[in-house]
Amino acid sequence: MSKIKPAPLPPDTVIGGYRVVRKLSSGGFGVVYLCVDTEGQQVAIKEYLPSSLATRAPGELLPQITPEKLSLYRLGLKSFFEEGRSLAQISHSSVVSVLNFFRENETVYMVMNFLDGDTLQDFVVTARELKQQKVFRESTIRSLFDEILRGLRIVHQHKMLHLDIKPANIFVTDDNKAVLIDFGAAREVLNKEGNFIRPMYTPGFAAPEMYKRDTTMGPWTDIYAIGACIYASMQGYPPNDAPQRQEKDRLGLALSRLRGVYSDNLIEVVEWTMALDPLARPQSVFALQKELSREDERRYTKLTVAEKMRLQLDNIVSDTRKQVAKATGFGGRK
């Protein structure tokens, strides 16, 4: 039986001088609300409320935490508060603006500018459903991620990591600005300290080192996720997650299907950023920006007849396996 999620704050609740209008979204680590300040200005407020550690009944303000989970709850709370304080020092159009952060109701709230638009995830799903050869044009991909990397570079210069980059956390505003949202520092602290049975990562976008307790994370960890987002923007689907890839890595095969559709350079960039070995990836955002801006060296290598035949055979084998899995009842997602 699945655990009941903590109830969101009801509309018209006042927190820190802001009035809740409605819930915008919720996840395993918090709830985001559309709120208005005393002058009627719209803001987004994120409430720290990890569903694995806290409960809250409808209509209540205070989260309920059992004594054995209290220390872990407070550890995540501290990390969330420090993240808000660090983000408030960053002013860049490609990084979500933190306007305020405060403690109330035995938790912490992060006040951010409210953005109109859609996530990259929304655009990928829509483009995928059109079933065209290209999910996005190469020029669109390069332009979008150039913006995101500018913001990420500033984040890293402030000695911060995002740790949860994925298409759902890249927001494209109605005035065509790409913005990084929903940083994952508190999530990462709880994953490392909480002994959860399954790490709470989005499959396909978390670097291999995030699944291990004793490995060092750095800019290269976020860079892996950027590569996975570029891959999703090319394929329309996320790549296999890191544990699957470590058993059998099919990334090169999947990317080879895109030869002639996207340039050799862009395909090589994705392979470079998504190397399973952290030392084999770009070690800084600047190194990746430099490679991604090489517009003058775009080659489009067509597949040879033999390669096309091999891919066709691989597709037939893959389709057969899916049909067998479906027929035997082993085709569902975990």
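Read-outs: derived from the displayed coordinates by stated rules, not from any lab. Note that the structure is a prediction, hence the values are computed from the model and not measured. No Cβ is skipped: glycine too gets one built from the backbone with ideal geometry, and neighbour counts run over all protein chains shown.
Residues in region 176-184 carry Karplus couplings, in order, of 6, 9, 9, 10, 7, 10, 6, 5, x Hz; the curve used is 6.51 cos²θ - 1.76 cosθ + 1.60 with θ = phi - 60°, and Gly or Pro positions show x. Taking all Cα pairs closer than 8 Å and separated by 6 or more residues, the relative contact order of region 14-113 comes to 23 percent.
Taking Cα centre as origin and charging only the Cβ of basic (Lys, Arg, +1) and acidic (Asp, Glu, -1) residues, the dipole magnitude of region 62-107 rounds to 60 debye. In terms of its C-alpha gyration tensor, region 206-265 comes out prolate, because a/c is 1.5 or above and the ratio a/b outweighs b/c.
Cα gyration tensor of region 48-168, axes a ≥ b ≥ c as square roots of the eigenvalues: rounded (a/c below 1.5), prolate (a/b > b/c) or oblate? Note, shape of region 48-168 comes out prolate.
Rounded to the nearest 0.05, the FRET efficiency derived from the C-beta distance between Q289 and E247 at R0 = 25 Å is 0.20. The ranking of S52, S94 by Cβ neighbour count inside 10 Å, starting from the fewest, reads S52, S94.
Region 57-100 and region 233-280 have Cα centres separated by 34 Å.
Calculate the dipole size of region 14-113 relative to its Cα centre from +1 charges on Lys and Arg beta carbons and -1 charges on Asp and Glu beta carbons; express the result in debye to the nearest 20. Kindly include the intermediate steps, with their values, before the conclusion.
Numbers: 10 positive and 9 negative charges, 27 e Å.
Here the size comes out at about 140 debye.
Is the shape of region 14-113 best called rounded, prolate or oblate, per the rule: a/c under 1.5 gives rounded, else a/b larger than b/c gives prolate, else oblate, with a ≥ b ≥ c the square roots of the Cα gyration tensor eigenvalues? Here region 14-113 falls in the oblate category.
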